[in-house]
Amino acid sequence: MKTTRIINARRAAVALLVTLILGATTVGCSSSADEPKEITVFAAASLRASFEELGQSFETNEGVKVNFNFGNSHALAVGIAEGNAGDVFASADLAAMDDANITDFAQFATNELTIAVRADATDALTTREELESVGVAQCVETAPCGILAREFAATNNLDLDIRTEGSDVSNTFAALLTDQVDAALVYSTDATGNVDTVIAEIPDLTFPATTYAIAPTSDVATAQEFVDFVLSPDGQAVLATYGFGAAPQ
């Protein structure tokens, strides 16, 4: 009887040890399993094409799906400041980072405002007088592209016939593509990235530029990994193919 009790006690101890080991293993596995398999990136509308390519590459390499919310950088920033943060924020200017209450960010690209016209337009815009005589689309004043558009008009002392204002650069560009206007003040990446549009070459006009910024907005590890990918040589190469300039050093 005594021997039997000892054996039973040993079996109970072994069973308890196995349970503890399996429990520890389960905790370790759940930690890995709990790592998010997707992230949400809030990004400026002008980044759509380049970031969609970057997102596909990131998903292929890391196994993490990237969901995007593109729009007016300052509107996105307000949402982030109010708690709708997502995991990463990429803005078309530095001021939007202030709006989002983000102080730790990296600059990753530059872009320039330009005048886009349809490639099949019968009358090319070649002078400031011609530009002032046609209907023009620009972004709303709260969007980075709208801020640049107003700076452009003021710096060059232009009296433009603004027919419509888009909520972001994509909507502004759409007004040109649908023949609502003859010209649109958009980024050079928009004008050169569409086969139906070209840049109007008008001498003696100066065009303002903007710097893009990016930062993680959550503590998810893959959020920082996506930011690092955008900043990496491979990420920068993708942006360059879409016409973005390098960030200031």
In Å², what does the accessible area per residue of the stretch 32-153 work out to with a 1.4 Å probe? 44 Å²
Expressed in nanometres to one decimal, the distance between label points 7 Å along Cα→Cβ at Ala106 and Thr178 is 3.8 nm
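Could you state the orientation-averaged shadow area of the convex hull built on the Cα atoms of the stretch 41-159, in nm² to one decimal?
Details: hull surface 38.0 nm².
Mean projected area for the stretch 41-159: 9.5 nm², to one decimal.
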Hey, for a label at Asp204 modelled as a point 7 Å past Cα toward Cβ, could you say which residues of the stretch 110-149 have their backbone N under 12 Å away? 127-130
What distance in nm separates the simple spin-label points at Glu151 and Ala49, each placed 7 Å from Cα in the Cβ direction? 2.3 nm
So what's the back-of-envelope 222 nm ellipticity for the chain, counting only DSSP H runs of four-plus at -39500 (n - 2.57) apiece and dividing by all residues, rounded to 500? -13500 deg cm²/dmol
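Given a 1.4 Å probe and heavy atoms of the protein chains only, how would you sort Leu47, Leu160, largest accessible area at the top? Can you show the working numbers first?
Numbers: Leu47 0, Leu160 30 Å².
The ordering from most to least exposed comes out as Leu160, Leu47.
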Give me, ordered by chain and number, the residues 5 or more places off Ala43 or on other chains with an amide H under 5 Å from its own placed amide H. Asn69, Phe70, Gly71, Ala90
For Tyr187, what is the net charge nearby, where nearby means another residue's Cβ is under 13 Å from its Cβ and Lys, Arg count +1, Asp, Glu -1? -3
Sticking to Cα atoms, compute the Rg of the stretch 137-248 to one decimal and its Dmax as the biggest Cα-Cα distance, whole number, in Å. 16.3, 49
Percentage, to the nearest whole number, of Cα pairs in the chain over 30 Å apart: 40 percent
Under the Karplus curve 6.51 cos²θ - 1.76 cosθ + 1.60, θ = phi - 60°, whole-Hz ³J(HN,Hα) for the stretch 132-148, x wherever Gly or Pro sits: 6, 9, 10, x, 10, 10, 9, 7, 4, 5, 8, 8, x, 5, x, 4, 5
Euclidean distance of C-alpha centroids, the stretch 61-82 and the stretch 83-139, integer Å: 17 Å
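The values are calculated or read from the model by the stated rules, or taken from the named source; none is laboratory data. As the structure is a computational prediction, the values presented were derived from the model and not from experiment. Glycine gets a Cβ as well: all are built from the backbone with ideal geometry, and neighbour counts include every protein chain shown. Please note that ligands, DNA and RNA were not included when accessible areas were found on the heavy atoms of the full protein model with its side chains. Shrake-Rupley method; radii C 1.70, N 1.55, O 1.52, S 1.80 Å.
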